[in-house]
Structures are given as C-alpha cells and as structure tokens.
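The values are calculated or read from the model by the stated rules, or taken from the named source; none is laboratory data. All values reported here derive from a predicted model rather than from experimental measurement. Cβ sites come from the backbone with ideal geometry, for glycine too, and all protein chains shown count toward neighbours. What goes into the accessible areas is simple: the full protein's heavy atoms, side chains included, and nothing from ligands, DNA or RNA. Shrake-Rupley method; radii C 1.70, N 1.55, O 1.52, S 1.80 Å.
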Amino acid sequence: MPATQKPVRYGHTEGHTDVCFDDSGSCIVTCGSDGDVRIWEDLDDDDPKSINVGEKAYSCALKNGKLVTAVSNNTVQVHTFPEGVPDGILTRFTTNANHVIFNGDGTKIAAGSSDFLVKIVDVVDCSQQKTFRGHDAPVLSLSFDPKDIFLASASCDGSVRVWHIPDQTCAISWPLLQKCNDVVNAKSICRLAWQPKSGKLLAIPVEKSVKLYRRETWSNQFDLSDSFISQILNVVTWSPCGQYLAAGSINGLIIVWNVETKVCMERVKHEKGYTICGLAWHPTCDQISYTDAEGNLGLLENVCDSSGKTSRSKVSSRVEKDYNDLFDGDDISNPGDFLHDSAVEIPSFSKGVLDDDNDDDLTLVSSRSRHRSHILEDDENSVDVTMLKTGLLKEEEEDDQAGSSHNLPLVTSQRPFYDGPMPTPRQKPFQSGSTPLHLTHRFMVWNSIGIIRCYNDEQDNAIDVEFHDTSIHHATHLSNSLNYTVADLSHEAILLASESTDELASKLHCLHFSSWDSSKEWMVDMPQHEDIEAICLGQGWAAAATSALLLRLFSIGGVQKEIFSLPGPVVSMAGHGEQLLIVFHRGTGFDGDQCLGIQLLELGKMKKQILLGDPLPLTRKSYLAWVGFSAEGTPCYVDSEGCVRMLNRAFGNTWTPVCNTREHCKGKSDHYWVVGIHEHPQQLRCIPCKGSRFPPTLPRPAVAILSFKLPYCQIATEKGQMEEQFWRSVIFHNHLDYLAKNGYEYEESIKNQAIREQQELLMKMLALSCKLEREFRCVELAELMTQHAVNLAVKYASRSRKLILAQKLSELAVEKASELAATQAEEEEVEEEDFRKKLSAGNAATEWDQPRLRNQTEEDTESRKEADDTQKTPELQEHGQNSGSTDTFDVPAIKSGAVTSSNQGRINPFKVSASSKEPAMSVNSTRSTNILDTMNKSSKKSTAFNRATNNEKSPVIRPLIPKPKSKQASAASFFQKRPCQVDKTEEVKEENPKNASSEAPVLCPQNVENQRPKTGFQMWLEENRSNILSDNPDFSEEADIIKEGMIRFRALSTEERKAWTNKAKGETAIDGVEAKKRKYVVDESHETESHKEAAKENLNMPKKQKRLDVSTNQKLSAFAFKQE
C-alpha cells in the first residue's frame, strides 16, 4: 500500500527549516528563519504552540524534555519542553551554528558551526566540552554514532569526516561533496545519518545517490539510487528499526528504500517541488514528517505499511509478557526522573536481553525512557527486532558464527530492575571566579584584588593580570607557554598551576611581586602522576590541592610547609588572611544532589581546625558555583540555584542563607556571576549574565551590586521586615567579634552603630507587640536587649499602662545587671590570673617579689578597713547601687573594674575577691515587684556588682526627664516599699514587726535635697498595710497589696485624701533633718554586725564613696503614671 501524502501547510516564513519528533512521537517540532519553534500536535493543528528562540533558528533537536536550538546569535540554547522556558546556553561560536543533534541517550549534543568547529557538549554540565578542529570550511551537518564512539560531519570544504570521540581524532575523511565557501552557497546541506541501534552503516547523500559506508572498515558497502532522482539529494533519515532509509532531494522528491533488499519502497513528490531540507521518521509509527525551504510542513503516512502489517503478527505474546514483567509498577514514573539534570547513563537492563553475544542490533533501553508505552507502542520496532534476529539481514549473518543463536527465543530470566535513586556525577574541581576551561578567551579568576584573563587561540597564548587598585601592582602580561589552567590573585602574589602532560609534571608557579628582593618568582614540580586541581593564596602562604588527595602548603616565598591528606576529592578552595577553606566530596550524591564537605583551618601561630569536614548544605539538585570569603573574612559560598550562604560563627558555625540571586533575575535563563561579598557595607558584587551562567571576556562586564535579604516569613509585614533587618544586622556584624577575639584591629564605632541600630529595631518591635497586646512577646524581645534598652522598655510599658509587663521587664533588667557584673568579675579574675603568671614567669622576679608582697599585705589591711567603713553605711551604698544600675547601658560591654574600684588606685592582682566565693546576685531569694526593689534586696550579697555599677557611665541614650504630676502618682513608688523599709524588714522584721513601718524613716539617711517627697497614698499605705494584710492573708505579691490599697484609698472622701496629702508634704520637710540626727545612732547600733560581715567576706571596698547627684526614686519617676 503506497504512502499517503497529506497537503503541506504553512509553518514558518520563507527560508531554511528543520523538523523533529518528540520522544513519544506525540507532536511535531519545527523551527524556521522567523526565529520561532512551533509544536504541532498533528498536521491539522490550527493553533500550534510557538516559542521564540531568537532572530533565526537554523536547527533544532529534542530529547528527554530538552529542546536545543542553534540560533543566529551564535549560540546553542536550551529550552524546557513543552513549556518552552529558557534553560541557558550550552555553548557559543564566533559565527552561527548550522546543525545541532542529540546523542542516543540525550546526555550530550553535537553542534557544527560556520567557524569550521565541531563541539560536543554535556547537556547537564556545559563546561564539559570537546572541540574538533580539522574542517577548512563551514560545517554543514552532523550525526552521532549510536554507541557514542564516532561522530560524522559534512563540511563546505567538500569532505565528510568521521571523528573518534574519546581521543578527538579524525578516523577517516572522504572528499565526496562539491566545495563552496558558505552554507547558503552549498548545493546540498548533506544531512548524513548513522544506522540506528547497531551503527554499522553510515548513510551520506552524495549527488543523486546515497552512499553507505561500513563502520570501522570505512569501506563503501553499496549505493542506493533510483531512476526517478533527477536532482541532488539533500537529506537522509533512517527508520527507528534501521531497516528503511528515506532521502529527500532539492526538487521535492522523497524516496524510501529497504536497505537489505536495496528496493525502492516509496516515491513521493512534493506538491510544489520545493527543496526538502528537513526529514524526520516517527519513533513508533509509519510516518515521515518533512519541511521545505519555503517554510512549509508536510506529512507522509502509511510508509512501508504492508511490510509492517505482515511482520506485526510475528510479535509473540512471550515478548509482550516480558515487557509487562519488566515495567510492572513503573508506569507512573516520569522519564528522566533518575538523574534529572545529570549526565550519568545507567542502562535499565542488561545488553544481553537476547541470548546473543553480538548485541549491535539490540536497543539499550536507558533509564530515561522508562515508560512502558514507549516500547510497547513501537510496533515497527518490535517487528524489526524480530526480523533482524531471525536472519533477514544477510550481512549480519555473514558476520556471526554459524552456531550463533539468532533464532533462539527471548530469555525470560532478567536481571532485577533497579528503581531506586541514581547516583549523581561528581562535580569537577573549579576555581571560584573562573569561567569554563574550554573557552579560548576566559577568566582564570576574578576576585576583590583583580582579574586574570587567559587567551588561547591561534594568534596568542597569554595571560593578562589586571589589578583593581593599581597602587598594589601594575597590570602584567605573561606568556602561557606551560598552559596554566588555574590561577589565584592576592595583594602579595600571583599563583598559577598547570596540568601534567606526558613530558612535563604538574607545576605550581608563584610570582611574588610584593617581595623586597630581586627574585620574585618560584616554581615547584609535583610528583609524578599527581596533578594540581585547586589552589589558593592567603596572607603569607599558598596552598595546592592535588589529585593524590593531598593538600600542600607553601610559604609565600616558596618554602614547603605542612602537608596533609584530604577526606575526599577537592572541589574548590579559598583563602583569606590566616583562614583556609576547603570544599571536597564527602561521598556520592543521589538524585541530582552533590555530597560535599567543608574544612576551615586557621594557619596562624595557633594552628587549628574550625570546621571538621562538616556537610555543606546546598539547594536540591544544585552544585557549588562559588566559594570564598567576604572582604571582612567570613566564609561564604553560592550554589548553582543562586542561594548565597554565610557562616554564622555566633550560632555554632552554621550556614545562613543571606541572599537568593534568582530573585533578581528577569528571565529563567539569566544568572548572576558572583565576584565578591562585603559585610560593611552590605554588598553582593556580581555580574549579570543574560542567557548564560558566566560572562564573556569582551566586552568588559559591568559589576552589579545586589542587596542581602534573609528568607524570613511574612517579609511583607512590618513585623517580618523588622525581624529580618535585626537578624541580618546581627549576622553581618558577627565578624567584629571574630576580629576582636583574634586580635585584629577594627573600628569600634562600627560596632557601636550596629548595636544602636539593633536596639532601636528591638524597641520598635516591642512597641508593636505592646500595641497588639502581645506582652509575653515583649518580654522575649527584651531578653535580646541590652540593660539600658530594657530600662527604656520598662519606662515604655509603664507609660502604656502595662503594669504587669513593666514588672516582668523590671525583673529582667535585674537579671541582666547581675549577669553583666558576674561576667566582668570573671574577666577581671582571668586578667589577674594572667598577671600572676607573668609575674611568676619573670626572670627578675626574685629582685622585687618581697617588696611586692609587703605592699600586698598593706593593701589587704587597708581594704579590710575600707570594708569596715563601708559596712557602717549600707544604706548609702544601696543608694549608689540603684542610681548606677538604673543608668547602666553598655553599648559595647564596658570592661570596667568589677572587683576593684577606680578610686582604689593600683590593682592588687593577688587579692581574693568576694565574688569568687559567693554568687554575685541572689535574685530568687525574694519575689520582687520592680527593678529597684530587687536591686536593694541583693545589695549586701553583691558588693562586686555595686563597685562595677558605681563606675559605669550612661552613654548615648539618657533617661527621659520626668513630666509634671498628673492625676496618678508615680507607678515606681506604687511598686515598692521605701528602700529603708526593705532593709528594716530584712534585719529587724523578726524582732519588732509592728514597729517596722513607724521606724522606717529613721533608717533612711539619704540626702534631703535629692530625696523625692512622699505622696499621700504612700503614707496612707504605710499606715494601713497591716490592715490590708490581715483582711487578705493570701496576698503574697506587693502588687496585690498596692492594688488593694489604691482601691481603698480612692474610696476615701476628698477631704480625707487631701489631709493625707498635706500630711505628706508637712512630714517631708523634717524627714531629712531627722535622718541626719538619727544617722549616728543607727551606725552605732549596726557597727558590731558590720565588722562581723566584713571579716567574714573580706571585701575589697573603695576608700571613698562618691556622692550621688540624683536619687533612684527621682530617676524612676519617669517610668510612672502621675496622680493627684
């Protein structure tokens, strides 16, 4: 039955077109000179999907959901199929590519260009390229050997070449075509093709016949021709079974031959006689799709149908059963699930499915084509395999032994089919800031110091070094006679490395331009069979990682230093100052993921390892794209999905994502190529690459600056924005703590400014939470604040009438103050210990040790006397403590003397401090109601804290000035008893509890001019406290007593309240005078007890106590409500 020809239809504008089927044959894909790729469901599809890929599209190929096109901007692009989303650029040429094809399993593409080059590129990792040079004119067409051993190419120089892919050599060349100078002048585009599956024959259209050459012998087996062929043949294509061959001519004739019988099976003439320039055979059905040079699309159906129907009955049920067993449970899987982006090729079953040693004619079903339908629907394929195996091809019978098992049935015992995750190919070593090695003009490195370019073409093989700051060194031009492939650049030197060859060893070459002597170069040869794979420079050192899993350290002058083994094959390295960062393969990744580890070492005087081969987090199905340090010395890296991560030293050396460059890209094929990171100011320096992952060397790329953003939730809300800003500020200023810890210099003002910004953000978040009635959240935020910021939070809570919140924040302020004092005491003890060690280590210690001991004894005696004097006036000390602690705000932590006062003069390093024997604070001894109350109760047990806070000054943020009284009295006064009453309660409560309230004024010798007058409510509460407690015995909190007192006081008549107010005003006038008169009596009554405590604690108290200008009550009055 002859083939059925459907009427052609318009597909593209006039010009060259190309056509192919998708893997399943469900749609036809065409491209044309209008730059569009169109996807047709069938020839009658009136609305095909269109994808614009460029100005002109010369060729297209489709496999495994990847659509590859050769377009007029000299690139080979990838798009996803059928979505049509750009997926990057595989390779570039200096002129346009003319033909592009996939290999059998879709892991590689081959492209031929008008610049005479042929390239094979890995689809997943486009840096894996092979270039074939030898043609002297533009390349017309290409064809992959099904076994990926050979590649055939036709050129305008008149030759057809067969290349041996593994060693990139030309196996054979035939002068078959007419020579021309360009593709447009060629009489034939010579679309040659290998026989599917076996690859035994190579079909080449030459003039009016098709020549078939035998594999490996490269002899011309026979020619296929026909008397109806009147014009030159342009293109050929094989049926999927390899039994039939179709050819199209420049006058529109399509002819199909049976290769075995050499009989012409079909002759079809184009209805308008246009040149056939595209020809594709359906992967499963008896259809041929074709395009002409005028942009039309046509379709032939029922091609060789009779033979197909005849042989279809030969498919045994046993074969179908074998396929059923093979693909059970696998129908729901998607093709390409195994490796997605990887280039690993895993056969899904053994080559020996048929009991036949010669498996050339058996298709290897790769893991990518796992759908059962892809095989069972291929009726022609099944027929042809059966026919081939039953001896229809005489040529194959001649090749095999007489006892071969061609006619044996299929073997039913198959190897178990593995359906688990597949291994990911390991990422190859690379240098951060470099472009792929196969490029003739490439960046060897681009970092914060400068740029190193490499030029490797027919005219020159050289290296150019350019410095961003020419004061470091002038630009340099170097010859590249040793073919250096890896480079690094620092402010001290240029480091280069080359691979080994058969004659030369791998070399490490350093140009130490900062050397003060005249010899500024040194070179080291690696041992035999050891190649340098990664290098880096630091301050005063160089490092090289080799293929022997060794890391070799050198001084910058060329001295060999330490050498150690790496846990796995190196991926990349980076250096900064004394830090060395190494990324290596920890193991094998699966499902497209890399399994990387990271080591961080410090190579200073105290050599240590910070990261011990920890796993390196990467985005799913991504690989490492850049690794290095910020300008401030914090390790960072970027993966192929654009996620930038930074080491958070303050959170257990974890990795925090700080930016996603993909969010800044306009198109899916656009990328940002990172060249540097700065923490102050916060800048990500990178180069935008449109349609590519890396930039070209010319024109010089422009550097863009991206901002950082942590991926916090609800970033559109005010709360989310402030949280992100706060934690970003914390992370990006961690380097200051690292610099301080390691003795580096840094600007103190930067840290102060950062802490101020962080505290402002916390206060804003606290205010927002307070408005939202989230009081528990307010306390959580306050825990992140400094002590002074907590004091301001107490003030805000009081003015916002959040009394319980103010109480909680007051307690938190006390805890922070005690922690600060304890930390400072510990630091002081460490300093004393270091000082003692220095004294004992001195060579001249014997000459002055004894006078020093005598001085120590005298100072100890003096300090005991000071302690006795200080214990005589405990109330005054408490007053000083409260005033100082209320004002405390450590913008950085103030390292003032926590054990000895500044008034004491010289520090005695041998004196034992009381804080080392007793805890600095006893917060839990009694429940307190505000910051002042708790601080008073703990004053006697925290003398070290008293001395620290007396010396601290309040920087930057000062308390607000108290406003005039309003309707309510001071909330701070409501929250506490009088300080004197607290002390009286602690010391005399058991002896005379009834008189505690009445005698309280006697124990309060505060300065009269600084004392804040009592209110009427305070006096009323003192008189009626016992009544409230007797009526409410369950009251244990001071706040409960105050609330009940306020209720009762308001219930009084106006005259009674005024009377109490007047009484308070009158009593205050004599309060200070009486306190002065009674002070001496109190001191005598407590003198004995003070002596005992001083002897017991042996406290080192200051000789003099500074007079305080502002009382604690007056400072805390700013927190409170006002009441008449």
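Structure notes:
- Separation of alpha-carbon centers, the stretch 77-141 and the stretch 433-462, rounded to whole Å: 22
- Cβ-based net charge around residue 11, under 10 Å, with every Lys or Arg adding one and every Asp or Glu removing one: -2
- Within the stretch 559-610, the trypsin sites (Lys or Arg not before Pro) that combine a DSSP coil assignment with at most 15 other C-beta atoms in a 10 angstrom radius are 605, 607.
- Full extension of the chain segment joining residue 187 with residue 608 gains 144.5 nm, where the gain is 0.36 nm per residue of separation less the Cα-Cα distance.
- Mean sequence separation of contacting Cα pairs (under 8 Å, at least six apart), scaled by the length of the stretch 484-523, corresponds to a relative contact order of 31 percent.
- The stretch 1-137 - accessible surface per residue (Å², probe 1.4 Å): 37
- Spin-label pair residue 483/residue 767, simplified geometry with 7 Å Cα→Cβ offset, distance in nm: 6.8
- If the segment from residue 804 to residue 707 were pulled out straight at 0.36 nm per residue, it would be longer than the present Cα-Cα gap by 30.8 nm.
- Counted over the stretch 167-240, the DSSP beta bridges are approximately 90% antiparallel.
- Averaged per residue, the stretch 191-312 has 31 square angstrom of accessible surface, using a 1.4 angstrom probe with ligands and nucleic acids left out.
- A crude spin-label estimate for the pair residue 650 and residue 1053, with each label 7 Å from Cα along the Cβ direction, gives 6.2 nm.
- Relative contact order for the stretch 539-646, counting Cα pairs under 8 Å that sit 6 or more residues apart, in percent: 16
- Local electrostatic count, residue 116, Cβ distance below 12 Å [Lys/Arg +1, Asp/Glu -1]: -2
- Placing dummy labels 7 Å off each Cα toward the beta-carbon, the span from residue 441 to residue 756 is 5.0 nm.
- Each residue was assigned an accessible area with a 1.4 Å probe, and for residue 649 the value is about 50 Å².
- Accessible surface calculations at 1.4 Å, restricted to protein heavy atoms, place the stretch 484-633 at 42 Å² per residue.
- Around residue 742: net Lys/Arg minus Asp/Glu count, Cβ-Cβ under 9 Å: -1
- Mean separation of Cα contacts under 8 Å (6+ apart) over length of the stretch 54-133, as relative contact order %: 21
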